[in-house]
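The values are calculated or read from the model by the stated rules, or taken from the named source; none is laboratory data. This structure is a prediction, so every number in the text was calculated from the model and none was measured. Methodologically, a virtual Cβ is constructed for each residue, glycine included, from the backbone with ideal geometry; neighbour enumeration extends over all protein chains shown. Surface accessibility is based on the protein's heavy atoms, side chains included, excluding ligands, DNA and RNA. Shrake-Rupley method; radii C 1.70, N 1.55, O 1.52, S 1.80 Å.
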Amino acid sequence: MRIGIGNDHAAVEMKMQIKEYLEQLGYEVVNYGVDTTASCNYPEIGEKVGRAVAAGEVDCAVLICGTGVGISMAANKVNGVRAAVCSEATTARLVKQHNNANIIAFGARIVGVETAKDIVKAYLDAEFEGGRHATRVAMFEEIENRNK
Ligand code: RB5
């Protein structure tokens, strides 16, 4: 499985630690983020990663900024993206099982690296449950279509 990862200047160290963790778990990781702490604009990274997920360049992605919020807001502007910000593992599991999130996001200024590892592991180990959840997730696309 190919996993995209994106981050702004607030999350360089966290990105490197999570990238290494994902590689240790056996995933291929594509880095779309910045590798220096020079100030940058998180919407550009969020959009780039959102487009990569929507185009199928990667199977899913991890986004990290200071809070996880801004970068996921940007990604969610791309049609087909379902990015979810999580601060703990239970939510990370549920956003895959119920919402079929294709991007998991968190904040490097909010969670420590061990919690971040728990979040990505819970997300990646979970599976979308389909059924009534599929009906609801399909409604996201209907909203996108009404906004075209
Ligand atoms: C950058 O200072 C910070 O605003 C950004 O990383 C993020 O937290 C935005 O949502």
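For region 119-133, the candidate set comprises residues that are open to solvent by 20 Å² or more (accessible area, probe 1.4 Å) and within 13 Å of LYS96 (Cβ to Cβ); within that set, the residue that is nearest to the chain's Cα centre (by Cα) is LEU124.
Listed here are the residues, each with its yes/no results for (1) aromatic (Phe, Trp, Tyr); (2) more than 15 Å from the ligand (Cβ to nearest atom); (3) over 15 Å from the mean Cα position of the chain (by Cα).
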| residue | (1), (2), (3) |
| --- | --- |
| ILE3 | no, yes, no |
| ALA10 | no, no, yes |
| LYS19 | no, yes, no |
| GLY33 | no, no, no |
| THR36 | no, no, yes |
| SER39 | no, no, yes |
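Each residue in region 91-107 was checked for being open to solvent by 10 Å² or more (accessible area, probe 1.4 Å) and within 16 Å of the ligand (Cβ to nearest atom), and 0 of them qualify. Being in contact with a helix residue (DSSP H, G or I) (Cβ under 7 Å, 6 or more places away or on another chain) and either open to solvent by less than 30 Å² (accessible area, probe 1.4 Å) or within 14 Å of the ligand (Cβ to nearest atom) (or both) holds for only one residue in ILE110, ILE45, and it is ILE45. For region 138-147, the criterion of being in contact with a Lys or Arg (Cβ under 9 Å, 6 or more places away or on another chain) and not β-branched (Val, Ile, Thr) is met by at least one residue.
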